[in-house]
1. Within 10 Å of each Cβ of B:395-403, how many other protein chain Cβ atoms are there on average?
2. Please compute the length gained on full extension between B:E421 and B:T688, using 0.36 nm multiplied by the number of residues separating them and subtracting their Cα-Cα distance.
3. Interface B/A, total buried accessible area with a 1.4 Å probe, nearest 100 Å²?
4. From the phi of every residue in segment B:353-362, what ³J(HN,Hα) in whole Hz does the Karplus formula 6.51 cos²θ - 1.76 cosθ + 1.60 yield, where θ is phi - 60° and glycine or proline is x?
5. Given Cα pairs under 8 Å that are at least 6 residues apart, what percent is the relative contact order of segment B:276-330?
6. If I take the Cα coordinates of segment B:131-283 and project them onto the principal axes, what are the three extents in Å, biggest first?
7. ³J(HN,Hα) across segment B:167-182 via Karplus (A = 6.51, B = -1.76, C = 1.60, θ = phi - 60°), whole Hz, x for Gly/Pro?
8. Give the calculated FRET efficiency between B:C726 and B:T705 to the nearest 0.05, with a Förster radius of 30 Å applied to their Cβ-Cβ distance.
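The values are calculated or read from the model by the stated rules, or taken from the named source; none is laboratory data. What you see is a predicted model, and the numbers here were worked out from it, not measured in a lab. Cβ coordinates were reconstructed from backbone atoms using ideal geometry, including for glycine residues, and neighbour counts include every protein chain displayed. Note: areas computed on protein heavy atoms with side chains; ligands, DNA, RNA excluded. Shrake-Rupley method; radii C 1.70, N 1.55, O 1.52, S 1.80 Å.
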Amino acid sequence: MADRRIGLTGPPEQGRTTAARAVAIAELLHLESSNLLELYRKRESFIANVISGDSRLVSVPPPSSQLETRDKLWCLQTALLHCRGLLERAIAKEDEELGSQMGEYETLRKMVKERLLSLVNTIGELIKAVDSPAMVTPTLNDSLEPDNLTVFEMKLWVFRVFTEVDYWAKTAVTVLQALPKERVRISRLRSTRSSRR
Amino acid sequence: MITWLLLVSLFCNSEQDGNFKDNGVYRCGPQNMTLSTSDNIILLTWQDDPLCMSVREKLIYELEVLIADELVHYEEVTVEPEQIRATHSWNWSSHLALECASHKLKLRSRSGNHTSQWEQEQTIPAGRNPSKRPEVYPRDKVFQVGSKATFCCVLPMGQAFKNLYISGHDSKNWEFSNISTQVHTLTVDLNRASKTSCTNIICEAVNDKKKVVDNGACAYIGYPPDDRDLTCETRDFQSVDCIWKVGQDTHLGLKSPTTYEFLGRRCAEGYNGRCSHKMRVDYAMLNWTLTAQNQLGRVKLIDRADLFHRVYMLAPQEVKVSAVNSSIVRLDWEWEVKLYETLNIKCQVNISDGETHAVKEHIGDGLNSVAINDLIPNWAYMVRIRCGTTQHFWKWSNWSSSVEFNTMGDVPDALDIWMQEKDNQTIITWKVPLANQSHGDIIDYEISWAQSSERQVKANVLHPKHSFALSLDTMEEYAISVIARNQNGSSSPSTIIIPVLSTESNGVKPTRIQGSNGGFNLSWSASPLASCGYIVDWCPTRGPCQIDWLRVPPSKTHVRIFSKNFREGVRYLLSIHACTQTAPLLLEKKEGYVKEKLIQDGLFKLLKWKPRDMDVEISWDPVAIQEQPAFIHGYILYCWDHNNSVTYISTDDPQATSLTAKNLQVSTYRFTVKANTSVGECGDTSITVTLNSMTDNLIKAVGITLITIFVLLCLIVVLCYRNWECIKLKVYPPIPMPVLKDKWMTTLTKQSSHPIFVEMSHHTEAELTAIPELHCKSEAPVKDYADQENISSPSTHGSHDKPIEKPVTHSTTVPCQSLLLALSSSRGHLNPSFIQTSPDSAGGSDGYKPQEQRLYPEEDTDNPLPCVLTYISLPQLPSE
């Protein structure tokens, strides 16, 4: 049973640095996505419950505390990859319907997109640092692609995408901040296992 | 015949009656009605009933539109008899989205007093919402700002309406109504254009779980195009270029962008306000038409013009400079459009040296070269050119690309020379030629001077020195010339005549002038002698001076003097000279400050005060001009008493050196002297003075005198005490010891080897020789001092409290000073002593010895011997 536990393969310092960087990026992403969501809500005069009751766009289960670190990271990365795809589509759709401009909103939108990509890559590094088999990159569910929407429906969908990104950014902060404790536990278990041998 | 007529009449009536049904209803009605909708427009088509063929007069169709059984529109369509049997159509745009509610159309015909039955059609019934959310209509529709729009919210079954609103609009003019329980409408004046994209209309409902459910629609609220000012022109006669002012943002974005058409062809980049089409341009007055349109409207712009009057030339190409010399160059260029060579063209040549630029105009047929003259030798220039048609000038072309060139060098320009009298010398000075005057690198200057009767003397001054001092005979007139030399040669000489010692400067008194904006605005009276103008020179009134000057043409008698060397608070002397054919003539002198400054506190170095009864005169030293950063117009003396109440005395005399405060009280005063200038009172210097009464002064004077006398006396006493020996030596010189051959004296001499001197200054030698006894004691000194007061009491031995048994009846007191003999080598000191009448007396040193002197131990040779006046009792000489 102990042999199935995962550990870190890379240099401990490197893993720690990557984890800290991931936390920092996730915190930045959460801040920026919150700002984007608020800016969009004000810009479109949406009230908070305009999308209440709608199903989630990203159907990845949130990483629970029962999961191993590797699985948690994998869930998180999968969800963020979904978010990234959705955000790219949302941006393209908005530009297509409403025209592309370059204001505060557009700048923030671009920033969140890039930050999201950065976080996905950093979590990928973290997953590599865990001695796990190669993961299959999740494919996005194309059925989520909105079609034949009115402009208002498109706006609602964009709002849902931003909400989803914000949700998963927050989740990422929580999961990644909990990582160092996990690693301590793993190290301790590993040392116990070594002594038993 | 009558019967026939009746039959015809009956036939006719029966024909007419054929249009009526049995129940009397008019049978000529609409048929084959079709109803279609497009966007929000209802289109109805129908045909006439065949029975209508017999109608000879115009047929009227009545149309009614009902929404929720409420009449919202009525209209009549007239069909002329010749149009009967044709298919008729009618369209109408509903104010309400067709999705909101079904629209019922009723149609009937009328002819004269007869009307057909209503035929009706209905749009696809709306109001049924299969989704779980409310639906808002119309969706994504374009509205014009200022229009009124109605939006509806169609609720799913089971949901209750909560709210319907449009974002970014004031709810003041909103009108709510409901068509049914499931359909609610909002009518609003659209007075604001959509901001970023489209405006949201949101409907809120409450579902059966009491949860708020939202949905909405988007509306594009904007403006129709309002572009204006179309202007068309040609550049190459092969195309037409039009420009116009693009109107305000229509706020319709990609939903309905403004499209442009010029001469029936699309302008892809019309949003930039320009459009171009290839076409051959001819001499003709034509209308050039542009249309701009979006969903909200269309605007047509027309410009009527002959484009041969609208030639916007292309910039000259391949501009080259050739034939460059010191002041002239030739400029050549080429035309991209060959047709330009046939036009009469005018061109502007802009020539610049980096700091200044000049524009010269040239005209010619097919102009493609010009000569530029009046250039500065040895100078860098940049030139560019632009052109336009001379006839029907429209506008200048763009500037050509710039071409740079340098002109050739030349001899320097003549120098600007002036002179200055300084320390009995004449300083000839000249302005160092500027780069645009030197035309090359200046090597040196050559000065030549001569009296009228003598040969010329020359001297060289190396660049950049620009002055030369001459000691000239002030009784002679001199002509002084200066030339500058560079590698290209010498400048023409500049000459100045130095007159015979001029005294006119002493006769011209300077007047005051006020500077302004960092300089002086100078004006003077015209002089008929000023044949070659005026020269104004200036220098600080005091201190080192590097003279500067300015030449003014004869026609001007005023000039603004400005120099970067001017400093605020410095007094300048400006002299105006007439430039004559001979020596310059001083006309006027002026002095002033570019800007007067406040004088700093403490202007008066030393304030003195002098009391006069109850007046106090405050005086100061004259203020030097260097210390005056402003003209002093007078002085003010402020006088503060101990209550801080102030009085002042002032003078308008700038030469004053004192002011007197009068009728003061016995008190302490603070006096402050200020200089009065045009920039205010300044240079504050204060002094505090305490005034006393006359009695106080007298007591003080007496007290001081007494104290002074006392101190002097003390000083004298101390000095006398300290130098008593010297004084005594001076006053009482030592008297040689008398030589005594008597036996008692011999004995005594044997006992004491030291000589004995008796000082008796006020006795004659005879008297001295009569002294019978005089002994010096060589024994150890006694400790006590002799009491001078008791010297009159003869005491031979014993205590002083013993009564004197045998008073001396013939005793005489003689002062005797024991001699100061520093006989350090001898054992004994010369000590005046009393005559010991009994050996016992030697041991009674503790007893009363009024005549005894203090004696010092012999061992203490370092101590000075005190010298005490001693009186000696002389025995009565025997009568024998």
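1. Across B:395-403, the average partner-chain Cβ count within 10 Å equals 0.
2. Working: separation 267, 0.36 × 267 = 96.12 nm, distance 4.73 nm.
Fully extending the segment from B:E421 to B:T688 adds 91.4 nm.
3. So the buried area, both faces added, is about 1600 Å².
4. With the stated coefficients, segment B:353-362 comes to 10, x, 10, 10, 8, 10, 10, 10, 10, 9 Hz.
5. On the way: 48 pairs, mean separation 15.2, N = 55.
Reported as a whole number, the value is 28 percent.
6. 77, 30, 23
7. Once θ is set to phi - 60°, the couplings for segment B:167-182 become 6, x, 10, 6, 7, 4, 9, 7, 10, 9, 8, 10, 7, 8, 5, 9 Hz.
8. Here the calculated transfer efficiency is 0.50.
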